[in-house]
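Contents: one structure, followed by commentary.
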Amino acid sequence: MSERTDMAEPGLDAIMSERRQLINLAYRLLGSLADAEDVVQETYARWYAMTLDERHAIENPAAWLTRVASRICLDQLRSARARRERYVGEWIPEPLPDDVDGPADPADRVTLDESVNMAFLVVLDAMTPAERVSFILHDVFRYPFPEVAEIVGRTPAACRQLASSARRRIRASQSPTPPSARKAELVRAFKAAWEATDIQAIVNLLDPDATAVADGGGLVSAFLDPIHGGTQVAQRFTQLPVVRHGRTIVERLVNGQPGLVIEFEGTVETVLAFDFAGDLITNIWTVRNPEKLRPWMH
């Protein structure tokens, strides 16, 4: 059998097996599973828009797919700033559930590790597009700087500097955190205090400089500006009518970390992600925008 007949479609299984890697990459670059899925769909559309001869000419299809997906993400990140200016209230990355059953297609699962916890994604979101892409490709996915440079359109040395700058931002944002079991205890205690409308108990769990941010996207009610200070955060949370009117608070993993979801008649209305320092809660990110809660709907 000739080589050409052997390769009627270059490595179809290999091409499709890259889907999960591309979803993982695009989610870390964009902070949105919906956008990541769109990027991967567009990447495959560009692959299949080529002729069979053009596809055969590509020596490393996996690298080609990664390069195209990364460039699409880079373009999206560059245009995101203008979109964010029109966004109502604060923008928080799209939270991911830790589904034991998983979505229908396992290729759509995002691997949950420290590079997708909410605190990490929030820091990534403050970076320049080139910084974010250089850092994620090199530090998270281990792409060498010459390949990163080809994607970002800078020199390898410039990409090395970008990744280094991003690394400093990450380090500056990090504090010693308690072990996972202790984080879960703190979130459970927060839930109990919230359900009991016990302001002082909540204050005791919060860092004095704690911050709460909410994202309703202008589609549902949410406080528009961040709330600063443990006492102020506790007061605002105890004013929310969450535990009334048939709503329940449930402990769930959010982006691989202990978190909470608020359910009403079986539907997830709100997802809360937390960050910690020492033995206290330092940040609470409350996502209420229903467009960002699609992964939580079953």
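The values are calculated or read from the model by the stated rules, or taken from the named source; none is laboratory data. Nothing here was measured: the structure is a model prediction, and the numbers come from that model. FYI the Cβ positions are ideal-geometry reconstructions off the backbone, even for glycines, and counts take in every protein chain you see. For accessibility, only protein heavy atoms count, side chains too; no ligands or nucleic acids. Shrake-Rupley method; radii C 1.70, N 1.55, O 1.52, S 1.80 Å.
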With a probe of 1.4 Å, find how much accessible area the stretch 22-81 has per residue, and write the answer as a whole number in Å². 41
Tell me, how many Å apart are the Cα centres for the stretch 150-217 and for the stretch 21-59? 30
Using square roots of five times the C-alpha gyration tensor eigenvalues, list the equivalent-ellipsoid semi-axes of the chain in whole Å, biggest first. 39, 21, 16
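Based on a Kirkwood Rh over C-alpha pairs, give the Stokes-Einstein translational diffusion coefficient of the stretch 134-233 at 20 °C and viscosity 1.002 mPa s in µm²/s.
Values: Rh = 17.1 Å.
D, rounded to a whole number, is 125 µm²/s.
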With a 1.4 Å probe and all protein chains kept in place, how much accessible area does R20 have, in Å² rounded to the nearest 10? 90
Can you give me the angle between helix 19-30 and the longest principal axis of the chain, using Cα atoms only, in degrees from 0 to 90, rounded to the nearest 10? 50
Over the chain, what is the mean sequence separation of C-alpha contacts under 8 Å (at least six apart), divided by residue count, expressed as relative contact order in percent? 19
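Which percent of the accessible area of the stretch 145-259 is formed by carbon and sulfur heavy atoms (probe 1.4 angstrom)? Can you show the working numbers first?
Details: 3070 of 5970 Å².
Carbon-and-sulfur percentage of accessible area, whole number: 51.
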Which of V152, L186, L162 sits farthest toward the positive end of the charge dipole of the stretch 93-197, with +1 on the Cβ of Lys and Arg and -1 on the Cβ of Asp and Glu? L162
Restricting the stretch 190-298 to trypsin sites (Lys or Arg not before Pro) in coil, as DSSP defines it, with at most 11 other Cβ within 10 Å: R244
Check: the chain dipole with +1 on Lys, Arg Cβ and -1 on Asp, Glu Cβ, in debye: 880
C-alpha long axis of helix 156-173 to longest principal axis of the chain, angle in °: 20
Whole-Hz ³J(HN,Hα) for each residue in the stretch 216-225, computed from phi via Karplus 6.51 cos²θ - 1.76 cosθ + 1.60 with θ = phi - 60°, x for glycine and proline: what do you get? x, x, x, 9, 9, 5, 6, 5, 7, 10
Calculated [θ] (222 nm, deg cm²/dmol) that DSSP helices of n ≥ 4 give over the chain, each run adding -39,500 (n - 2.57): -14500 deg cm²/dmol
Just need the relative contact order of the stretch 124-250 here, percent rounded to a whole number, with Cα pairs under 8 Å and 6+ apart. 16
Counting only protein heavy atoms and rolling a 1.4 Å probe, one gets per residue an accessible area for the stretch 139-298 in Å² of 49
Spelling it out for F141: with amide H atoms placed in the peptide plane at 1.01 Å from N, the residues 5 or more places away or on another chain with amide H under 5 Å from its amide H are none
Lys/Arg +1, Asp/Glu -1 at C-beta; the chain dipole; positive extreme among Q200, Q41, G217: Q200
Rounded to 10°, Cα long-axis angle of helix 33-49 versus longest principal axis of the chain: 10
Give the relative contact order (percent, whole number) for the stretch 195-277; include only Cα pairs under 8 Å separated by 6+ residues. 20
